[in-house]
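Here is the structure we will look at, set down as structure tokens.
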Amino acid sequence: MQDAEQRRYSLGAMIFHWVIAVLVIVNWRIAESAEHMEGAAKGAAFGNHKSIGMLILVLTIGRIAWRLTHPRPPMPESHAKWERVLARTIHIVFYVLLIGLPLGGWLASSLVSRPVDFFGLFTIPMLPVGENKDLGGTIFDAHKTAGSIFIYLIGLHILGALKHTFIDKDLGIFRMLPFGGRSRE
């Protein structure tokens, strides 16, 4: 039997997780809302979307650095092998998307000659890729599709956490919270 505190993520990992999670959901909602806007409002919304995306990229790099120096706690022994494989696979896909989506958006913006203005504080320069509006549009389309896939995977992740919390009673969501949760393991 493992002590509940030994099975929780570190406070730093928790902070990275929740800040990035909130930013991803907010950014998705901004992009979805911007699709229905026009003119300056649409440009401003997508400007915020790009800024948040770049912030997510920086935080994800920080999270990876944190993870390399702070090992994650072991999964509960009660998890079936398929649950362990699914959890690890989704986490890998999350990292790929947390890095790939912002980089893809930055690349596409660069290809259509739109620099990223970071919340009006400074401009992130375009990548040195030249102009190719067709390729930029294709990458924007892939970016949107990958974002939608990300949202579905987040839903699956949430369902898994809820299952482990309320059905399996093996800490579940409390592994990523600094409080609560009693385990039967």
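The values are calculated or read from the model by the stated rules, or taken from the named source; none is laboratory data. None of the values given here were measured: they were computed from a predicted structure. In this analysis, Cβ positions are derived from the backbone assuming ideal geometry, glycine residues included, and neighbour counts consider all displayed protein chains.
Let's see how each residue does on (1) over 17 Å from the mean Cα position of the chain (by Cα); (2) modelled with pLDDT of 95 or more:
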{"residue": "LEU127", "(1), (2)": "yes, yes"}
{"residue": "ASN132", "(1), (2)": "yes, yes"}
{"residue": "HIS143", "(1), (2)": "no, yes"}
{"residue": "GLY147", "(1), (2)": "no, yes"}
{"residue": "LYS163", "(1), (2)": "yes, no"}
Listed by first then second residue, the pairs whose first member lies in region 63-78 and is more than 11 Å from GLY12 (Cα to Cα), whose partner is surrounded by fewer than 16 Cβ atoms within 10 Å (Cβ to Cβ), with beta carbons under 6 Å and at least 6 positions apart or on separate chains, are MET75/ARG84; PRO76/GLU185; SER78/GLU185
Here the residues within region 19-42 that are of a type outside the set (D, E, K, R) and farther than 21 Å from THR60 by Cβ are SER33, ALA34, HIS36, MET37, GLY39, ALA40, ALA41
Given (1) in contact with a helix residue (DSSP H, G or I) (Cβ under 8 Å, 6 or more places away or on another chain); (2) over 15 Å from HIS157 (Cβ atoms), ALA87 misses just (2)
- Tell me, please, whether a residue that is in a helix (DSSP H, G or I), among the polar types (S, T, N, Q) and surrounded by 12 or more Cβ atoms within 10 Å (Cβ to Cβ) can be found in region 124-137. no
Output for Cβ contacts, cut-off 8 Å, separation at least six or different chains, first residue free of Cβ contacts under 8 Å to residues at least 60 places away in the same chain and more than 25 Å from GLU83 (Cβ to Cβ) in region 139-159, second in a helix (DSSP H, G or I) and of a type in the set (A, V, I, L, M), reads ILE139/LEU107; ILE139/ALA108; ILE139/LEU111; PHE140/ALA108; HIS143/LEU101; HIS143/ALA108
